[in-house]
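Step one of this worksheet: look at the structure below.
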Amino acid sequence: MMSANQSNELKLTRVYDAPVRMVWEAWTDPEQVAQWWGPRGFTLTTHSKDLRPGGHWAYTMHGPDGTDYENKALYYEVVECERLVYDHGGNDDRPPLFRATVVFHESAGKTTMEMAMTLATPEAAAEIRKFIKKAGGNATWDRLAEYLEKQDSGKEKFVINRTFEATQEAVFSLWTDPKHIVQWLPPQGFTMEYLEADIRPGGRTFFLMTNGEVKMYGRAEYLEIESPHRLVYTQEFCDESRRIARHPMTPVWPETMLMTVEFHAEASEVTRVTVTSEAFGSATDEEIAAFAKMRGSMTMGWTGSFDQLEALLSA
């Protein structure tokens, strides 16, 4: 979800654990941008790119259903490693959808990317907001985080962000209170029950998720809890006796996952949550490949949980 500071403007902020030069090149090099641009499942073909004021980027996005989307971005401002301003979503036969302004700042080796999308009317902004959510367009910026991590460390990670209209403290509370977690975390159609819940540094949880036919037991160990900013924990599938097991529908999977959840206050009552998942400890190449291949399914699963969390916060 994107928050709108102005009725006709959508704003988005991301922080990447990479220097600004690396982020800039990932944005502007056609070979690199093809590795991450677009919602999950989309691929990209660049036909031409002239990165300068008055230049353009002509490209085709290929949807997972085989549909092609022709686009031409027209550049108005290009300040290396600092700023891009361009019209997005148009082509020779149609006007652009919005004017995008992207600003990059580096601090302590990390890069903050701030994007504003300006539309003609509040109604147009509302429609674009719905379209982006339905198409999974925000996953573009999660894919960029995954791409930068792979370039830097060689690790395969899964990243997903969501912004909630609530205070940082309120959102953090719903991630650390078992009676709240069971209301929003399980997949749709499943219920969740904690059989043990000791959420503190060094503490452990043991839980059951079921839809009446399938039973999935899991356990977690909390490594870091910094209220209201950060959670780090390991998570594993197990059986009813807490012995390590595998997902009933995904037998090839890393045994242990490391989960990092960060909470960023974007305004007094706007909080962005960033979830990062990666294999922890020993994992085979086959297991890592299976994990990377399932990013689309993980996005769907987390999106369903985030929708439930959003409804709980609204209530």
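Pairs linking a residue in the range 135-150 that is in contact (Cβ under 8 Å) with a residue 40 or more places away in the chain to a residue that is of a type in the set (S, T, N, Q) and assigned to a helix (DSSP H, G or I), with Cβ atoms under 6 Å and 6 or more positions apart or on different chains, are Ala139/Thr299. Kindly list the number of the only condition in (1) in contact (Cβ under 8 Å) with a residue 12 or more places away in the chain; (2) assigned to a strand (DSSP E or B); (3) open to solvent by 10 Å² or more (accessible area, probe 1.4 Å); (4) in contact with a Ser or Thr (Cβ under 7 Å, 6 or more places away or on another chain) that fails for Tyr69. Status for Tyr69: all satisfied but (1).
For the residues Thr299, Thr303, Thr260, the requirement of being crowded, with 20+ Cβ neighbours inside 10 Å and either charged (D, E, K, R) or within 29 Å of Thr112 (Cβ to Cβ) (or both) singles out Thr299.
Checking each residue in the range 160-181 for being in contact (Cβ under 8 Å) with a residue 24 or more places away in the chain and of a type in the set (A, V, I, L, M, F, W, C) picks out Ile160, Phe164, Ala166, Ala170, Val171, Phe172, Leu174, Trp175. Only one entry in Lys157, Lys179, Lys150 is under 22 Å from Ser305 (Cα atoms), among the charged types (D, E, K, R) and surrounded by 14 or more Cβ atoms within 10 Å (Cβ to Cβ), namely Lys157.
Inside the range 285-315, residues that are among the β-branched types (Val, Ile, Thr) and either within 16 Å of the chain's Cα centre (by Cα) or at positive phi (or both) make up a count of 2. Filtering the range 224-255 to residues that are within 18 Å of Thr276 (Cα to Cα) and aliphatic (A, V, I, L, M) leaves Ile225, Leu231, Val232. For the range 63-80, indicate whether the set of residues that are among the basic types (Lys, Arg) and closer than 27 Å to Pro19 by Cα is non-empty. Looking through the range 63-80, none of the residues is among the basic types (Lys, Arg) and closer than 27 Å to Pro19 by Cα. Among the residues of the range 84-108, the one identified as touching an Asp or Glu at 6+ places or on another chain (Cβ under 8 Å), at pLDDT below 95 and over 16 Å from Asn8 (Cβ atoms) is Asn91.
The residue that is nearest to Glu146 (Cα to Cα), among those in the range 26-61 that are open to solvent by 50 Å² or more (accessible area, probe 1.4 Å) and in a strand (DSSP E or B), is Thr43.
Residues satisfying the criterion are present in the range 199-210 (criterion: touching a residue at least 24 places away in the same chain (Cβ under 8 Å), open to solvent by less than 50 Å² (accessible area, probe 1.4 Å) and more than 25 Å from Met300 (Cβ to Cβ)). Considering each residue of the range 209-223 in turn, none proves to be touching a helix residue (DSSP H, G or I) at 6+ places or on another chain (Cβ under 7 Å) and polar (S, T, N, Q). Of the strands (runs of 3 or more DSSP E) lying entirely inside the range 117-233, the ones with 2 or more residues being farther than 25 Å from Asp17 by Cβ and either touching a Lys or Arg at 6+ places or on another chain (Cβ under 8 Å) or of a type in the set (D, E, K, R) (or both) are found at 191-197, 204-210, 215-226. Applying the criterion of being buried (at least 16 other Cβ atoms within 10 Å of the Cβ) and not polar (S, T, N, Q) to the residues of the range 276-286, the residue that is farthest from Ala145 (Cα to Cα) is Ala283.
The values are calculated or read from the model by the stated rules, or taken from the named source; none is laboratory data. Predicted model, so just to flag it, every value in this text is computed and none were measured. Cβ sites come from the backbone with ideal geometry, for glycine too, and all protein chains shown count toward neighbours. We work out accessible area using only protein heavy atoms, side chains counted, and drop any ligands, DNA or RNA first. Shrake-Rupley method; radii C 1.70, N 1.55, O 1.52, S 1.80 Å.
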